Amino acid sequence: MRIDSHQHFWKYNETDYVWMNDQHTILKKDFLPEDLLPLLQVVQLDGCIAVQARQMLAETDFLLKLAQNNSCIKGVVGWIPFYEANAEGLVEQYADQDKMVGFRHVVHDEPDDQFILRPDFNNGIKCLSKYSLCYDLLIFEKHLPQTIEFVDQHPELSMVIDHIAKPRIRLNDFDHTWANNIKRLAERENVTCKLSGMVTEVIHNTWNPELLKPYFDVVLETFGPDRIMFGSDWPVCLLQSTYTKWVETVSSFITPLTHAEQEAIMGGTAERVYLKHS
């Protein structure tokens, strides 16, 4: 399958989506499967992985219900409070749900930069591999050192780094610290990487493929095509790019690769990592 490994759905309200500010006006409306499906059809993608955008159990339930009613949603990455004592009970409950493929926590919004190393959080995370579920890593590049330590505590757990770990992308100033640390993270073979969220990490207001290409090159070199997956981060990507433009940009990056390598990035990796138990 050709899969968009990272996008979101919501019925907007001011209370739940606290991360949206005055710069996110374009996002302050409903985005649902019927809005995404025409975009998938234009670029000939077979489906998507729906990823949580709210840190509440209601979000996981909302996405699972959408997935049950929309065949284009191939899997759901939800949220539970891993730091609470009943975390494994919740994981067990959701593991039986059709299309449940993994979970995520918005680590980069935690005020404590060491949050990902908290014992209670790690105690909850460790049960995921028992249920063949994945964990998505949502961090900034500054969190990479502690993330490497976190990954090393869970060598049996399949993990996916969202948005290539959000480097600080500036004109004429490549993020070498990010590059060095992402290479270290890529040495952990249980980690795969999403080509997503790059356009919204550009510190200047404009971007072009040439600005992003060096970051793609590092990810390709360190992870290899079999551990990379395309993701749009729709509708958040609309802050900087249309859906089609981002697909075209990634397609231009992978054109020199073999057909099999392109297939892996555009769906094969996501299918293997997320849908292995479905």
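Values quoted throughout were computed directly from the atomic coordinates according to the rules given, and no laboratory measurement underlies them. The model shown is predicted, which means the values in this text are computed figures rather than measured ones. Ideal geometry is used to build each Cβ from the backbone, glycine not excepted, and the neighbour counts take in all protein chains shown.
For Thr244, the criteria (1) assigned to a helix (DSSP H, G or I); (2) touching a residue at least 60 places away in the same chain (Cβ under 8 Å); (3) under 18 Å from the mean Cα position of the chain (by Cα) hold in every case but one, which is (3). Of the residues in region 126-162, how many are touching a strand residue (DSSP E or B) at 6+ places or on another chain (Cβ under 7 Å) and under 20 Å from Glu187 (Cβ atoms)? Total meeting the criteria: 12.
The one condition from (1) under 19 Å from Cys237 (Cβ atoms); (2) part of a loop (DSSP other than H, G, I, E, B); (3) not charged (D, E, K, R) that Ile26 does not meet is (2).
Only one of the numbered conditions (1) touching a helix residue (DSSP H, G or I) at 6+ places or on another chain (Cβ under 9 Å); (2) surrounded by 18 or more Cβ atoms within 10 Å (Cβ to Cβ) is not met by Asp217, and that is (2). A search for C-beta distances below 6 Å between a residue of region 102-118 that is closer than 20 Å to Thr60 by Cβ and any residue that is crowded, with 19+ Cβ neighbours inside 10 Å and small (Gly, Ala, Ser), counting only pairs 6+ apart in sequence or on different chains, returns Phe103/Gly78. Of all residues in region 225-241, those satisfying the criterion of being part of a loop (DSSP other than H, G, I, E, B) and under 22 Å from Leu185 (Cβ atoms) are Gly231, Asp233.
Pairs meeting the criteria (first residue in region 155-182 and basic (Lys, Arg), second residue assigned to a loop (DSSP other than H, G, I, E, B) and surrounded by 14 or more Cβ atoms within 10 Å (Cβ to Cβ), beta carbons under 7 Å, at least 6 apart or on different chains) are Lys166/Ile139; Lys166/Phe140; Lys166/Gly197; Arg168/Asp175.
Of all the residues in region 39-98, those that are closer than 28 Å to Lys245 by Cβ, assigned to a loop (DSSP other than H, G, I, E, B) and without any contact (Cβ under 8 Å) to a residue 60 or more places away in the chain number 7.
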